[in-house]
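Values quoted throughout were computed directly from the atomic coordinates according to the rules given, and no laboratory measurement underlies them. Small disclaimer: the values here were computed from a predicted structure and weren't measured. Note: ideal-geometry Cβ built from the backbone for every residue, glycine included; neighbour counts use all protein chains shown.
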Amino acid sequence: MAVVVMKFGGTSVADVERIRNVARHVKREVDAGNKVAVVVSAMAGTTNQLVAWVKDASPNYDRREYDAVVASGEQITAGLLAIVLQSMGVTARSWQGWQIPIETSTAHGSARITNIDGGALRARIEGGEVAVITGFQGIEPGGQRIATLGRGGSDTSAVAVAVAVNADVCDIYTDVDGVYTTDPRIVQKARRLPKISYEEMLEMASLGSKVLQTRSVELAMVHRVRLRVLSSFVAPDQMSPVRLEKLEDIGTIVTDEDEIVEQQVVSGIAYAKDEAKVTILKVADKPGVAARIFGPLADANINVDMIVQNVSSDGKSTDMTFTVQAAELSRTLDVLKAAEADIGHFDVQSSADVAKISVIGIGMRSHAGVAAEMFKALSQKGINIIAISTSEIKISVLIDAAYAELAVRTLHSMYGLDAA
Ligand code: ADP
Ligand code: ASP
Ligand code: MG
């Protein structure tokens with residue numbers, strides 16, 4: 001017997017027929033004697049619709065009410081799945097975040113889970129009842145207001161529930177059959193990775209591979225949760241129920257580095273199109289200027305990613321280019337404008353037509369020349385690099401958005417990741 005958390009994303013629960021398909025996956029586990037908690041997302045497209053309604057209602061919306069609205073999508077799917085399971089003879093009930101409760105911080109719209117008391121939940125599922133839990137939502141302390149976890153947050157709900165009930169495995173069912181070397185929608189030759197390390201998955205997710213929410217990987221890594229990504233579109237009776245000694249047979253398992261025998265230098269390529277670049281032209285080249293630029297941005301909670309400093313065209317002053325989330329661009333420009341008295345007069349250019357392409361691999365720690373190969377391959381395609389940032393296991397470059405897909409495909413082939 002295993003305690004299993006099964007999470008189903010939006011496309012997997014897109015309509016009642018697909019919810020029936022999900023219920024069959026759940027029933028397979030129950031029939032095999034496994035104990036199950038399910039975490040569901042809203043039906044595909046629902047959260048986008050809810051967000052759009054909020055923004056239409058008022059551009060300056062109250063973030064607590066945003067959460068009240070957008071959390072509703074998951075409530076629908078949890079209830080529907082419980083109904084379908086019951087109709088198949090499976091004992092099940094739905095749970096909303098506040099009923100468990102899944103406690104969160106008060107950062108509405110991007111809250112973090114702070115605590116889940118899994119005792120009662122674990123007792124219920126051990127008693128044979130399937131717990132169908134709304135993903136993406138929880139409640140702030142004191143039972144005040146509903147809070148949501150940021151887009152893609154149901155993955156994090158699933159891992160947090162897995163930690164709380166001490167599950168043996170957390171299975172993330174989605175519309176692809178695992179984690180690939182890059183987004184299979186962009187590169188047809190992308191290959192499924194049977195295993196990926198927590199560290200690499202964390203980089204992939206935070207650099208744009210939305211197959212798992214970054215926070216879910218972080219949480220799984222800290223608590224050593226056995227996390228798998230697999231497809232809900234495989235017929236439920238074509239999959240065998242979870243057997244702990246055979247977790248590696250399907251999908252991708254996110255695991256410890258030392259469990260991965262065959263290590264490539266580069267394991268995957270991620271891309272993100274949601275960044276914007278800002279260039280501040282001709283600021284004084286003297287100590288303290290960078291602090292006067294980036295201090296106010298930090299105070300305004302704006303995350304700056306890549307930073308490049310160049311000598312200005314006049315040879316006397318300096319230009320500073322950096323990236324922020326595209327959604328923060330206009331706020332960034334406002335903050336800079338407000339700080340102009342401190343920074344000194346400057347001209348500013350900005351653009352959201354940029355993409356960040358990253359190559360990731362723990363093999364880079366012990367292998368020189370990965371960056372040089374990357375720059376050469378991009379230059380051979382005539383792709384200009386605007387900014388670079390590196391860490392021990394990744395290299396990111398900022399390029400013109402129009403070249404994003406070409407760059408991903410080029411690097412995918414160059415690092416030998418293409419499927420045969
Ligand atoms: P869900 O609704 O199930 O949460 P998501 O759309 O959030 O599904 O995540 C699955 C999608 O992630 C896939 O359809 C795929 O296009 C995308 N994706 C991006 N990068 C990768 C990758 N490296 N491997 C697999 N899928 C990826
Ligand atoms: N429904 C939420 C979203 O679309 C959460 C999730 O699907 O993970 O972002
Ligand atoms: Mg998702």
>> How long are the semi-axes of the equivalent ellipsoid of segment 4-113, taking √(5λ) for every eigenvalue λ of the Cα gyration tensor, in whole Å from largest down?
In response: 29, 16, 10
> How long are the semi-axes of the ellipsoid equivalent to segment 106-181, from square roots of 5 times the Cα gyration tensor eigenvalues, in whole Å, largest first?
Replying inline: 21, 20, 9
> Could you give the semi-axes, largest first, of the ellipsoid that matches segment 239-283, computed as the square roots of 5 times the alpha carbon gyration tensor eigenvalues and rounded to whole Å?
Replying inline: 41, 15, 9
> Please report, for the Cα atoms of segment 277-382, the Rg to one decimal and the Dmax as a whole number; what are they, in angstrom?
Replying inline: 16.3, 47
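Quick check for segment 306-420: number of Lys pairs with alpha-carbon distance under 21 Å, counting only pairs 8 or more apart or on different chains? If you can, show how the numbers build up before the last one.
Values: 356/376; 356/381; 356/394; 376/394.
Count of close lysine pairs: 4.
How do 121, 227 line up, fewest other C-beta atoms within 10 Å first? Please report the intermediate quantities before stating the final value.
On the way: 121 20, 227 29.
By the 10 Å Cβ count, ascending, the order reads 121, 227.
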> Taking the alpha-carbon centroid of each part, what is the distance from segment 358-395 to segment 295-338 in angstrom?
Replying inline: 24
> Any idea which of 370, 240, 206 is furthest toward the positive side of the dipole for the chain, if Lys and Arg beta-carbons carry +1 and Asp and Glu beta-carbons -1?
Replying inline: 240
> In terms of Cα to Cα distance under 16 Å, which lysines are near enough to residue 246, apart from those fewer than 8 places away along the same chain?
Replying inline: 195
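Taking a ≥ b ≥ c as the square roots of the Cα gyration tensor eigenvalues, with a/c under 1.5 meaning rounded and otherwise prolate when a/b beats b/c, else oblate, which class fits segment 50-157? Write out the running numbers ahead of the final one.
On the way: a/c = 2.94, a/b = 1.59, b/c = 1.85.
Cα axes put segment 50-157 in the oblate bin.
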>> Given the options 194, 32, 153, identify the residue whose Cα lies farthest towards the positive end of the charge dipole of the chain (+1 on Cβ of Lys, Arg; -1 on Cβ of Asp, Glu).
In response: 32
>> Below 14 angstrom from the Cβ of residue 184, what's the summed charge of the other residues (Lys, Arg +1; Asp, Glu -1)?
In response: +1
> How large is ³J(HN,Hα) for each residue in segment 336-342, as worked out from phi by the Karplus curve 6.51 cos²θ - 1.76 cosθ + 1.60 (θ = phi - 60°), to whole Hz, x for Gly and Pro?
Replying inline: 5, 4, 5, 9, 4, 4, 6
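Arranged by the count of other C-beta atoms within 10 angstrom, fewest first, what order do 43, 6 take?
Working: 43 22, 6 26.
Lowest count first: 43, 6.
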> If you take the Cα Rg of the chain and divide it by 2.2 N^0.38 Å, with N the number of residues, what do you get?
Replying inline: 1.06
> What net charge do the residues around residue 159 carry, taking every other residue with its C-beta under 14 Å from that of residue 159, with Lys and Arg at +1 and Asp and Glu at -1?
Replying inline: +2
>> Given a Förster distance of 30 Å, report the FRET efficiency between residue 188 and residue 262 from their Cβ-Cβ distance, rounded to the nearest 0.05.
In response: 0.85
> Hey, got the Cα dimensions of segment 336-420 along the principal axes, in Å, largest first?
Replying inline: 57, 29, 18
> Tilt of helix 404-414 relative to the longest C-alpha principal axis of the chain, in degrees (0 to 90, nearest 10)?
Replying inline: 80
> Taking GluC sites (Glu not before Pro) as exposed when DSSP calls them loop (any state but H, G, I, E, B) and at most 16 other Cβ atoms lie within 10 Å, what is the longest stretch of the chain free of them, the sites themselves excluded?
Replying inline: 1-261
>> Which aspartates and glutamates, if any, have their Cα less than 14 Å from the Cα of residue 282, not counting same-chain residues under 8 positions apart?
In response: 314, 319, 340, 347
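Please sort by residue number the trypsin sites (Lys or Arg not before Pro) in segment 229-311 whose DSSP state is loop and whose Cβ has at most 12 other Cβ atoms within 10 Å.
Working: sites: 243, 246, 273, 277, 282, 292; in loops: 243, 273.
Qualifying residues, ordered by number: 243.
What size of dipole, in debye to the nearest 20, comes out for segment 220-262 about its Cα centre when the only charges are +1 on Lys and Arg C-beta atoms and -1 on Asp and Glu C-beta atoms? Walk me through the numbers on the way to the answer.
Details: 5 positive and 9 negative charges, 61 e Å.
Taking the Cα centre of segment 220-262 as origin, the dipole is about 300 debye.
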> Can you run phi through the Karplus equation (6.51, -1.76, 1.60; θ = phi - 60°) for segment 212-222 and list ³J(HN,Hα) in whole Hz, with x for Gly and Pro?
Replying inline: 9, 5, 3, 4, 5, 6, 4, 5, 5, 5, 4
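Cut-off is 10 Å between beta-carbons; in what order do 204, 320, 414 appear when sorted fewest neighbours first?
Values: 204 29, 320 22, 414 18.
By the 10 Å Cβ count, ascending: 414, 320, 204.
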> Amide H to amide H under 5 Å from residue 174: which residues, 5+ apart in sequence or cross-chain, H placed 1.01 Å off N in plane?
Replying inline: 230, 231, 232
> Under a Cβ-Cβ cut-off of 14 Å, what is the net charge of the residues other than residue 295 that fall near it, where Lys and Arg count +1 and Asp and Glu count -1?
Replying inline: -2
> From the phi of every residue in segment 113-120, what ³J(HN,Hα) in whole Hz does the Karplus formula 6.51 cos²θ - 1.76 cosθ + 1.60 yield, where θ is phi - 60° and glycine or proline is x?
Replying inline: 6, 9, 6, 9, 8, x, x, 5
> Which of the lysines could a cross-linker span from residue 27 if the Cα-Cα distance has to be under 18 Å and same-chain partners fewer than 8 positions apart are dropped?
Replying inline: 7, 35
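With the cut-off at 1.5 for a/c, could you classify segment 207-342 from its C-alpha gyration tensor as rounded, prolate or oblate?
Details: a/c = 3.34, a/b = 2.80, b/c = 1.19.
Prolate.
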